[in-house]
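Chemist: Here it is, the structure in full.
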Amino acid sequence: VRLLRDNKNYRYTWTGQVVSEIGDHFNNIAVFSLALAATRSGLVVSGIMLARAVPAVMAGPLAGVLLDRMDRKRIMIASDLVRAVLAAGFIIAVRYPAPWLLYLFSGLLMFASPFFTSGRASILPTIASKEELHTANSLTQTTQWTTLTLGTLLAGASVMQFGYNWAFFLNALSFLFSAWSI
């Protein structure tokens, strides 16, 4: 509590993390639900999972190099803005639920993600003092698991109640909020 109260930079970064990660789970639930509803194929869901994993793994080394050589804050904000556009792009897949659109947007979204997540990990030592760093790392990791739980619950209820478009729109907004927070 003291870290969040006293360290404005960490508080803003952490708040952006909370909102963005909850938004990520809105996207996950909506994409996988849409894929199953449109195709009734577990193979398509597996394809989406691969379309998300492979680009993220490929982007990791590139993100690391760029984050070491360029302004991390700008890269993180750019990543969030790109992800906001891509997250909104999933709305096209609601109207035209072709698996290739889900693969495309999933791959591009996950390719952009390491530029933010690796950036967040690398800026912690610059926004938290040496005394705060252990707490900041612990809170950041605990938050990831908490947002997984809350985000999945909220996303499932939201998709069921309000539909896919709303979930994708909220995910896009979450990235805009995260960019603003940074």
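The values are calculated or read from the model by the stated rules, or taken from the named source; none is laboratory data. In this text, all values refer to a predicted model and were calculated from it rather than measured experimentally. No Cβ is skipped: glycine too gets one built from the backbone with ideal geometry, and neighbour counts run over all protein chains shown. The accessibility values were calculated without ligands, DNA or RNA, using every heavy atom of the protein model including side chains. Shrake-Rupley method; radii C 1.70, N 1.55, O 1.52, S 1.80 Å.
Chemist: How much area per residue is accessible in the chain when the probe is 1.4 Å and only protein heavy atoms are counted (Å²)?
Modeler: Using a 1.4 Å probe on heavy atoms only, each residue of the chain averages 53 Å².
Chemist: Next question. Hey, what angle do you get for helix 8-39 against the long axis of the chain, alpha-carbon based, 0 to 90 degrees rounded to 10?
Modeler: Computed tilt is about 10 degrees.
Chemist: Quick check: at a probe of 1.4 Å, how many percent of the accessible area of the chain sits on carbon and sulfur atoms?
Modeler: 69
Chemist: Here's something else I'd like to know. Where does helix 99-127 land angle-wise versus the long Cα axis of the chain, in degrees 0 to 90, nearest 10?
Modeler: Its long axis makes an angle of about 10 degrees.
Chemist: Further question: How do SER158, SER46 rank by accessible surface area computed with a 1.4 Å probe, from largest to smallest?
Modeler: SER46, SER158
Chemist: Let me ask another. Please list, by residue number, every one of the trypsin sites (Lys or Arg not before Pro) in segment 13-111 that is coil in DSSP and has at most 13 other beta-carbon atoms within 10 Å.
Modeler: ARG40
Chemist: What full-extension length gain, to one decimal in nm, is calculated for THR149 and ALA53 as 0.36 nm per residue of separation minus the Cα-Cα distance?
Modeler: Between THR149 and ALA53, full extension yields an extra 32.5 nm.
Chemist: Rounding to the nearest 10 and keeping the result within 0 to 90°, find how far the Cα-based axis of helix 42-69 lies from the longest principal axis of the chain.
Modeler: With rounding to tens, the tilt is 30 degrees.
Chemist: Name the residue, out of ILE48, ILE123, ILE29, whose mean-square fluctuation peaks in a Gaussian network model built on the chain with Cα pairs under 10 Å.
Modeler: Highest fluctuation among the options: ILE123.
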